[in-house]
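For reference, the structure is listed below as C-alpha cells.
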Amino acid sequence: METIAFIGLGTMGSPMAVNLARAGFTVRAWNRTDGKSGPLRAVGGHAADSIREAVGDADMVITMLPDSPQVADVMDRPDGILAGARPGTLLVDMSTTAPRASVELARRASSRGLRVLDAPVAGGEVGAVQGTLSIMVGGEAADFEAARPVFEALGATLVHCGPHGSGQTVKAANQLIVAVNIQACAEAVVLLEKSGVDVEAALDVLSGGLAGSHVLTRKKHNFLGRDYRPSFTMALHHKDMGIVTDTARGLGAVLPFGTAAAQLIAEAVARGDAELDHSALLRGVDLLNGAGRTQQQGR
C-alpha cells in the first residue's frame, strides 16, 4: 500500500491525508472543491486534477465524504473511482454512511474487481489531527490486515468488526452513545448552575469518577463558555442519528434514549443550529429552562 488516492479533504480528510504523507505514503488527493490541498502539498503530498488521475495507479483508494450521495457520486461519475481504479485496488470508505449502503458499495465494487472495506472513524477533528482515531472496520479480514499499516498512521484503536457493513453499524452505535452523552452533560450543567455550585469544579470532579467520559472532557469548555464553534456540526450528527434510527428500524431494535436524542438534535437543526457544534444541545436545555440564552458563537 505505497500509493494512496485520498478523496475528500474536508475537516477530517485533510489532516488524515497529511498524516499519511508524513508516514511516508505517496498520497494523491482530489477534493470536490478547490483550495483544500495546501496542507497536504506542504508535507509532500500531491493534488490531482481529477479522480481518475488520483486513483489510476493507486494501491488503495480512501474516501472521506459527508454521506452516501457524495460517495456514490465519486464512485459512479464517468471519471470516477469505479471507472478509473485498477482491478485489485483496495477501496476503503472512511465516510459515515448507512450499513446497507456499505454492503451495496462492496457488492458493486467487487463486480469491478475491487476489494472493499468500510472503515468509519471516531475521535473528531482532534483525533484526525493527532492520528489517534478509533477505526472500526467491516469487510474481509485479509483486507483489513493489508490495510493495517495505513490505519496505524491514522488511528490508535483499529478493530476488524466483521463483514461488510459492520464498521458502519459500530459507528452508528458510537454516534448514539455520543448524542445521549452530550445531552446528559448539557442537562447536568444546567442542574449545577441552578444549584449555585461552582460548575467548573463540579465538572472536574465528575470527570474523575464513573460519570467521566471523553465527551465531558473534550466538551467541557464548550459547555462552560457556551462556545459552539464547530468541531463536529449538529447537521452531521443529525445525519448520523438518521442512520441510527433507520438501522434500528431495520433490525427491529427499540432505542428509547436514541430516539429522544435524535429528536432533540432534529429540533436543534430546525431552530437554526445546524452549523454549530453538537455541544449546542445545551442551547436546547437552556431554552427549556427559560434562560433565553442566545449565544451562538461560530455562526
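Number of residues in the range 68-95 that are small (Gly, Ala, Ser), more than 21 Å from Gln175 (Cβ to Cβ) and part of a loop (DSSP other than H, G, I, E, B) equals 3. With respect to the stated conditions, Ala172 is under 30 Å from Leu91 (Cα atoms) and surrounded by 21 or more Cβ atoms within 10 Å (Cβ to Cβ).
Tell me, yes or no, whether the range 122-132 has at least one residue that is open to solvent by 40 Å² or more (accessible area, probe 1.4 Å) and in contact with a Leu (Cβ under 8 Å, 6 or more places away or on another chain).
Residues of the range 122-132 open to solvent by 40 Å² or more (accessible area, probe 1.4 Å): 125-126, 129-130, 132.
Those left that are additionally in contact with a Leu (Cβ under 8 Å, 6 or more places away or on another chain): none.
No.
Under the condition of being under 18 Å from Met12 (Cβ atoms) and open to solvent by less than 20 Å² (accessible area, probe 1.4 Å), the residues counted in the range 38-66 number 8.
Looking at Gly56, is it small (Gly, Ala, Ser), closer than 23 Å to Arg86 by Cβ and modelled with pLDDT under 95? Talk me through it step by step, then tell me what you get.
On the way: small (Gly, Ala, Ser): yes; closer than 23 Å to Arg86 by Cβ: yes; modelled with pLDDT under 95: yes.
Judged against the criteria, Gly56 is a match.
Taking the range 207-229 as the range and being farther than 16 Å from Gln175 by Cα, outside any helix (DSSP H, G or I) and out of contact with any Lys or Arg (no Cβ under 8 Å at 6 or more places or on another chain) as the test, the residues that pass are Gly208, Gly209, Leu210, Ala211, Gly212, Asp227, Arg229. In summary, Ser102 fulfils each of the numbered conditions (1) over 25 Å from Val18 (Cα atoms); (2) more than 17 Å from the chain's Cα centre (by Cα); (3) open to solvent by less than 10 Å² (accessible area, probe 1.4 Å) with the single exception of condition (2).
The values are calculated or read from the model by the stated rules, or taken from the named source; none is laboratory data. These figures come from a predicted structure and were not determined experimentally. Cβ coordinates were reconstructed from backbone atoms using ideal geometry, including for glycine residues, and neighbour counts include every protein chain displayed. Side chains are part of the model used for accessible areas, which takes the heavy atoms of the whole protein and leaves out ligands, DNA and RNA. Shrake-Rupley method; radii C 1.70, N 1.55, O 1.52, S 1.80 Å.
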